[in-house]
Amino acid sequence: MDNFIVSARKYRPVTFDTVVGQISITGTLKNAIRNNQLAQAFLFCGPRGVGKTTCARILAKTINCLHPTAETEPCNECSSCKAFNDSASFNIHELDAASNNSVDDIRNLVDQVRIPPQMGKYKVYIIDEVHMLSSQAFNAFLKTLEEPPAYAKFILATTEKHKIIPTILSRCQIFDFKRITVDDIAKHLAFVAKSESVTADSDALHIIAHKADGALRDALSVFDQMVNLGDRSISRELVLENLNVLDYEYYFRIMDYIKDGNYKDTLLIVNEIIEKGFDGQHFITGIGEHLRNLLMSFDAGTVKLIETSDVVRAKYANQARTISLQLLIDALDIINKCDVTYRTSNNKRLALEVPLIQICRYSGQMNMPNITQPPAIQSSAVAEPKQVAYSQVASTPVTPAIATPLIPIAPNPITAPLAETPAVVAENPPAQITVPQPQPTKAAEIEAKPDHDAPVQSHHTSSISIKSITKADQLANSVKADVVKDRTGSYTFEQIEASLLRFAEMKKADSSLFYSALTSYKPVLQPNNVLLITVGNTVLEKELNERRNMLLEFLREEMKNDFVTMQILVSEQPLETKKYLNDRDKLEIMANLNPNVGKLKDQLNLELDLQ
């Protein structure tokens, strides 16, 4: 039985043209050989498995070849090439710096450099993992590297360029090897599979290429493993099952549910993925890449940035046609934030599900018609807006709400003209018109200026659906429409304080300053429903004023009282409540605790250095 040779060795490139994914580097080296402009030292750096040592060997073999080809490749027929192929060349020396990193090892190398080559033109020294040399060894190597004999060439290879001292870097011609693309790895795997008479799906090879993360050697190792596992047949299902890779079909199904706002089935798929043993971080990375590929599918110029097979590219293009661009951008932003916070979350399941629910909600909001006020007709008596189904509202176009006093209408209004009235958005609302009423009613002043921090939403509360705005957001972001309220519900200070803290938690993610202003200072409830909040500086005062309308609307709804008002004052914080004390504050506290401190300061005529 013949000895088995792994694919990474058996199919190792032996010419510049067979090197995978490093065309710019191999082209530069071939031109340098052709023009006889070889540097005295080369530094090949880059991640593992991208061809650094392979290119170093090909370069050493080519410059010593007695009869190079017209394409500047080794001939493999001369005595120098044959000696290299048999690992018996006396002109090419490979040194592992990881195990030969002392000064004595470098001294022996310097002694060898003094001996000219017996065959060929150059003596080539390939030093792999050069960053493992000690500082003393680097310094001992400097002089020889700077002024070597004309026949000596040094090729240094490393995966950690930053660990090499600058004096070495300045003496080398540096080549940065890049990660090999998925397409290049997949093509090379297909070539190896054909050469080995192995049946392999294109999708399976692309999955292996993704798993290799740009390292061709890793991809070939996985390929050998799958060949043995599948009995010389590699299918997509086999690779997914044994490489712990999540099938991209899951992501396509999830996006189909998300674009419809179907959060229930979305969460069920996530549960299925978790039950199969996949980590949440793995899923977040996968769904983020899926969203990114969908975004790339929107333009023919960016489709080439999707690293997958042509069949899967077509699936991305088909799904991208059914999803809005704005939804993809919002979803990418949410998933990116989830990726950052997931690692530090205590409840990882919740941290995974909430962003998906938010994306479903955004999908529902984007598909909703632009309705600023539900088609409800008010009678002369003040009443809460009637809840109607979303489909009923969507089918009835209405005019936008204008802040005007309530006008009594007849008991039997005609609704047909209302349904035929086209939706009109007034850029400059008309001035308010005062219409006399038969019986004057006490009405709260309607705030005409909306809150610029929150989008204009309607008071309409639809049936519970993920496409609907949540109650908290509706209360905080809505603007008063032409509905007069005069509720005078009773409440306690504890109730309004609890509502303040609840609203602060709701807006914590939007503004940490606003959250601090509501939680760090105790409010005071004064007569006539006036809530007094005293803050320590004008910055917090500005934050409160910017969201004043939202907060008042929320409190009035919570307390069932439309006469709740708010007063915001700025006052210097008392010394004992300050969280951060300067040196003068500290001295004052010490003097209050011990009067001798103040006497000592006065006797010695001491002053604080506040610079």
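Only the coordinates and a few stated rules stand behind these numbers; no lab work does. Please read these numbers as outputs of a predicted model, since none were measured by experiment. Note: ideal-geometry Cβ built from the backbone for every residue, glycine included; neighbour counts use all protein chains shown.
In sequence order, the stretch 186-195 has phi-based couplings of 4, 5, 5, 5, 5, 5, 5, 4, 5, 5 Hz under the Karplus curve 6.51 cos²θ - 1.76 cosθ + 1.60, θ = phi - 60°, and Gly or Pro positions carry x.
Each principal axis of the Cα cloud of the stretch 182-242 was evaluated for its coordinate range; sorted largest first, these ranges are 26, 25, 17 Å. Each residue in Ser102, Ser297 was given a count of other beta-carbon atoms within 10 angstrom of its own, and listing them fewest first yields Ser102, Ser297. Along its three principal directions, the equivalent ellipsoid of the stretch 7-176 from the Cα gyration tensor extends over semi-axes of 24, 19, 15 Å, largest first. In the stretch 36-109, the C-alpha radius of gyration followed by the widest Cα-Cα span (Dmax) gives 14.2, 42 angstrom.
Cα centroids of the stretch 522-559 and the stretch 317-358: 34 Å apart.
Across the stretch 529-543, coupling constants 3J(HN,Hα) worked out from phi with the 6.51/-1.76/1.60 Karplus curve, θ = phi - 60°, read 6, 9, 9, 9, 10, 10, 10, x, 8, 6, 5, 5, 4, 5, 4 Hz, and Gly and Pro carry x. Estimated translational diffusion coefficient (Stokes-Einstein, Kirkwood radius over Cα pairs, 25 °C, 0.890 mPa s) of the stretch 58-157: 173 µm² per second. Per q in 0.12 1/Å, what log10 I(q)/I(0) does a Debye calculation on the alpha-carbon atoms of the stretch 248-367 return? The Cα Debye sum returns log10 ratios of -0.41. Normalising by residue count, the stretch 80-231 has a Cα convex hull of 149 Å³ per residue.
Run the dipole for the stretch 493-573 about the Cα centre, Lys and Arg Cβ at +1, Asp and Glu Cβ at -1, nothing else charged, and hand back the magnitude in debye, nearest 20.
40
Taking amide hydrogens as placed 1.01 Å from N in the peptide plane, the amide H of Met566 sits under 5 Å from those of Leu531, each at least 5 positions away in sequence or on another chain. Using only side-chain charges placed at the Cβ, +1 for Lys and Arg and -1 for Asp and Glu, the dipole size of the stretch 182-242 relative to its Cα centre rounds to 140 debye. Each label point was placed 7 Å from the Cα along the Cα-to-Cβ direction; for Lys178 and Ile329 their separation is 2.8 nm. Each of Cys172, Cys75 has some number of other Cβ atoms within 10 Å of its Cβ, and from fewest to most they run Cys75, Cys172. When the alpha carbon gyration tensor of the stretch 493-573 is reduced to an equivalent ellipsoid, the three semi-axes, largest first, read 18, 15, 11 Å.
For the stretch 258-300, the C-alpha radius of gyration divided by 2.2 N^0.38 Å, with N the number of residues, is 1.35. Annotation: amide H-H contacts under 5 Å for Leu95 (H modelled 1.01 Å from N, sequence separation of 5 or more, or interchain): Ile126, Ile127, Asp128.
State which entries of Lys143/Lys178; Lys508/Lys560; Lys507/Lys542 exceed 20 angstrom in Cα-Cα distance in the structure shown. Too far apart for the 20 Å limit: Lys143/Lys178; Lys508/Lys560. For the stretch 248-367, a simple Cβ point-charge model (Lys and Arg +1, Asp and Glu -1, everything else neutral) yields a dipole of about 120 debye relative to the Cα centre. For Ile174, the amide hydrogen comes within under 5 Å of the amide hydrogens of Leu43, counting only partners 5 or more places away or on other chains and with H modelled in the peptide plane. Couplings 3J(HN,Hα) of the stretch 102-113, computed from phi: 9, 5, 5, 5, 5, 5, 5, 5, 5, 5, 5, 4 Hz, in residue order, whole Hz [Karplus 6.51 cos²θ - 1.76 cosθ + 1.60, θ = phi - 60°; x for Gly and Pro]. For a straight C-alpha distance cut-off of 16 angstrom, the aspartates and glutamates reachable from Lys586 (same-chain residues fewer than eight places away being disregarded) are Glu576, Glu607, Asp609. Of Thr565, Thr266, Thr534, the sequence from fewest to most neighbouring Cβ atoms within 10 angstrom is Thr565, Thr534, Thr266.
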